Structure formats: structure tokens, C-alpha cells
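To start, the structure under review is shown below, and the notes come after it.
The values are calculated or read from the model by the stated rules, or taken from the named source; none is laboratory data. Because the structure is a prediction, the values reported are computed rather than measured. Note: ideal-geometry Cβ built from the backbone for every residue, glycine included; neighbour counts use all protein chains shown.
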Amino acid sequence: MQKTLIARVLPAALLTLASGTASAAGFQLLEQNASGIGNAYAGSAAVAENASTIFFNPAGMTQLQAREVSAGLSLVRPSFKFTDQGSSAGALAGGAQDAGDWAALPNAYLSWALNKDLYVGVGMGAPFGLITEYNRDWIGSAHSIKFDIKTININPSIAWRVNEKVSLGFGVNWQRMEAEYVRRAGIITTPLPLASTFATLDADDDSWGWNVGALFTLSDATKVGVSYRSKIKHELKGTLEFSGTAANLHPLTTGVSAAADVELPDTFILSLSHKLDSRWELLGDVSWTGWSSVDKVDIMRTSGLLLGTPLEKAQTLDTDFQDTWRVALGANYQLNDAWKLKFGVAFDETPVKNAEKRLTSLPDNDRIWFSLGGQWKPNKGSAIDMGVSYLHVEDTKINNGSASDPSKGLVKGEYDSSVWILGAQYSMSF
């Protein structure tokens, strides 16, 4: 069925704005608001301080004013610096540039009370994203030159205040995913000059998921929030195009339709907020992400020769991810009526099992968040949040190569990585 012009143009514009690179482990993006950056997203499912609670726990809308809007922008700057320690890639010997760069992640939310106990809302954000980009002549270019994943997520939600102690929330999620994967076709020169040929996969998909949450007010000082977001399976469809010396010399290296299935993981959050006194508030978070859903990605032909078979071994991404945990602790200090200071630390576990399973397209490792932020209320109905985080990433070993697939070669070495996150959010009730 033919899409309308708006249906084509609007998602494309949002995806351009929401292109990002993973700041949480794997290629998850926690920056669904900027107001949580200062706390390293501790207490994310319990605080409900603005309409962005729609993403983290829709039940939190019952804690808001009758009508609230919130919009923000986060800037993420990862760094992935590779040092070769014995790679084997035929004639390829080039060094790698820093594979990270700045990315912008917008978000926007609206919450509306239908009556004192029933709220509706809608949110927009980018929950998953990744971009790594190397120079074309680097030693690992048969593994990856560019890997770019973009998502946009629209999340209509509803919340019900059961009583003064319990609130429940539910949402549906329309999600669009786009993927681009560029690499050198191989390091061998026979039977085709693959080392000077490049393959580009472009694919996209729209799919649906859901999320639920509950908020428990244990006392005037203490709240506990729980939330769950479902897996979303994307059946990506697109094209594989070749350029360079061998692009038109063989029927297997001509442009063909292609498809790949990717099941993005589900997540669970348990959060706590507790006010010690009129100035200090403590926040905590334990979250789980089901990354084992991303086991292996086979890019399949959907037209041309070898229909329904893997395009080639080099077009299989052996991710073999494992489920992960994240733990965050934070605190708020109410300096005066207008200013609140925010602090946070977190440990974020990688889904990558070991150096042999680590991909050049995702040189991920465990990371520790150090966060600081502030909130300024110029008047009773509005607030401006600002935050900054530095993510320390452990030195990251890679030893990715396979005797069964020599065309990609062996990438062996170490990454020196880190991430900076800056964000600002404006929230208003009316």
C-alpha cells in the first residue's frame, strides 16, 4: 500500500534528528530525557518530575499537574580509539581514526489529565541507536567501515490512579528502525578483487511494542516504581549495493534486495526515591536488559541468485549478546526554592561476552557513569534541567577473526574508549 507524503517525510526528519550513538551498554540510549542525566538516571521509574515519565514509567503521570509538556536535547560524544596489536588483514595495514563523533538525541512529551485519576500522554524519543565510522583504508575495514542504527519511538500512554498508594500505566510503541552497514567486501584478491570493492546495506522497518508500569507511594517520603518495556522485532528490508573494482564482474556482487531480522531487547526497571528531609533526596535504580535476543543477524537475499540464503559469511553478524544489569545511585539537594542540584553514579554492564565476540562496529565494554546536573525553576509552572555525564569505559580488547571466514581477516588490538553526554530539558505545566 502506497504511503502518504507525510508518512514518508515525518519519520525521516525525526530519524535525522535522532541519529545517535550508544551511551548505555550495547546500543541502548538512556537519554529519553535530559532531566535524568544529572542523576545518571537513578530513580528513573520513581521520580515522575515531568512528562518524560511516560517513557520510564507511564504510571508516573498521576503525579503530574493537569497538563504538562517537556522537551529536551542530549548531545552524546563517544570516543573509540583503536590500537593494533597483531591484526592480520592481508594487504590492509592502515591505522584507524577515532570511530566516534557527536550525535544529537531529541525528546518530547505531553501529559493530560482527563480527570483527577485518569491521565493520557504521548512521548517521542530514540531508545536505540549506534554509529561507528572508520576511514576506508583501516586494517579492519573488511569487518566494518560504517555501522549506523537509528530508531524513532512514538509512545501513546494511559495512567490510572487506583488509590492514593497505587498507580498503574500502560503504553503502546510505534517504532521505526533504519540500518546502514558499510564494509570492504574482503581482504582477498582472488577470484575477484574484493579488497577494492565495498558493500553497503541499507534497510528499514516499522514495528510495534508495548510497555507497562506501576508506582507505589509507600509514604510521603518514599516511592517505588517498576516498569517493563517489551521486545520489538524488526523485519528489516532494503538493498545491498556494491561499488568498486568487482561491483559488476560477478552476479553475486550486483545490487539485490536484502532482509534481516533483529529483535530489540526488553527491559525491566526497579526504582526508589526517598526524601531524607526537606533538602536531600536519595535515588536508586536496578535495571535489566534482555540483550540475548540479539544473538546473530543473518542478512538474507530476497531477490536474485541464491534467494533465501545468507548473502555470504561476511554478511552475518555473530553478536551472541548476553543479558545485562545496570545499577545507579543518585541524590538531589534542594539549594533553595529555585535551584536543585543533582548527582549520580552508575555501573553499566556490557552485553559483549569476550574479545572474540566483540565487533568493530560495536567495540563495547563495561562502563561507569559520573554525573552532575541542576534544575532551575524560574517560576512555579516551569523548570529547566541541565546535566553532564562522563562515562569511563574499561580498556577494551578485541580478537575478532574466524578460520571459517578468512575474507574478513583478524582484528586484534585494544580500544581506548569514553563517552561525554550533555543535555538540557524544558518542562512546563499549564
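Just to check your reading of the model, which residue among Ala142, Ala203, Ala179 is crowded, with 19+ Cβ neighbours inside 10 Å, more than 22 Å from the chain's Cα centre (by Cα) and closer than 30 Å to Pro406 by Cα?
Working: Ala203 fails: more than 22 Å from the chain's Cα centre (by Cα); Ala179 fails: more than 22 Å from the chain's Cα centre (by Cα).
That would be Ala142, the only listed residue that is crowded, with 19+ Cβ neighbours inside 10 Å, more than 22 Å from the chain's Cα centre (by Cα) and closer than 30 Å to Pro406 by Cα.
Looking at the range 145-169 only, could you name the residues that are more than 27 Å from Leu236 (Cα to Cα) and in a strand (DSSP E or B)?
Ile158, Ala159, Trp160, Arg161, Val166, Ser167, Leu168, Gly169
For Phe170, indicate whether it is in contact (Cβ under 8 Å) with a residue 40 or more places away in the chain, within 26 Å of Phe55 (Cα to Cα) and aromatic (Phe, Trp, Tyr).
So Phe170 fits the description; yes.
Give the range 72-101 a look and list any residue that's at pLDDT 95 or above, within 30 Å of Ser427 (Cβ to Cβ) and surrounded by fewer than 20 Cβ atoms within 10 Å (Cβ to Cβ), or say none.
Leu73, Leu75, Arg77
Could you count how many residues in the range 363-394 are among the basic types (Lys, Arg) and modelled with pLDDT of 95 or more?
2
Please go through the range 244-281 and give me each residue that is surrounded by fewer than 17 Cβ atoms within 10 Å (Cβ to Cβ), at pLDDT 95 or above and among the hydrophobic types (A, V, I, L, M, F, W, C), ordered by number.
Phe268, Leu270, Leu276, Trp280
Per-residue answers, yes or no, for (1) surrounded by fewer than 20 Cβ atoms within 10 Å (Cβ to Cβ); (2) touching a strand residue (DSSP E or B) at 6+ places or on another chain (Cβ under 6 Å); (3) part of a strand (DSSP E or B):
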{"residue": "Lys353", "(1), (2), (3)": "yes, no, no"}
{"residue": "Asn365", "(1), (2), (3)": "yes, yes, no"}
{"residue": "Met386", "(1), (2), (3)": "yes, yes, yes"}
{"residue": "His392", "(1), (2), (3)": "yes, yes, yes"}
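Consider the range 410-430. How many of its residues are within 27 Å of Leu317 (Cβ to Cβ) and either among the aliphatic types (A, V, I, L, M) or modelled with pLDDT under 90 (or both)?
Within the range 410-430, residues that are within 27 Å of Leu317 (Cβ to Cβ) and either among the aliphatic types (A, V, I, L, M) or modelled with pLDDT under 90 (or both) number 4.
Among Leu341, Leu335, which is modelled with pLDDT of 95 or more, under 18 Å from Val388 (Cα atoms) and surrounded by fewer than 20 Cβ atoms within 10 Å (Cβ to Cβ)?
Values: Leu335 fails: under 18 Å from Val388 (Cα atoms).
Exactly one residue qualifies, and that residue is Leu341.
So Glu312 passes all but one of these: (1) out of contact with any Pro (no Cβ under 6 Å at 6 or more places or on another chain); (2) surrounded by fewer than 16 Cβ atoms within 10 Å (Cβ to Cβ); (3) at pLDDT below 95. Which condition number does it fail?
In the conditions (1) out of contact with any Pro (no Cβ under 6 Å at 6 or more places or on another chain); (2) surrounded by fewer than 16 Cβ atoms within 10 Å (Cβ to Cβ); (3) at pLDDT below 95, Glu312 misses (2) alone.
Within the range 45-53, can one find any residue that is in contact (Cβ under 8 Å) with a residue 40 or more places away in the chain and over 14 Å from Gly225 (Cβ atoms)?
Checked against the condition, which is being in contact (Cβ under 8 Å) with a residue 40 or more places away in the chain and over 14 Å from Gly225 (Cβ atoms), the range 45-53 yields at least one hit.
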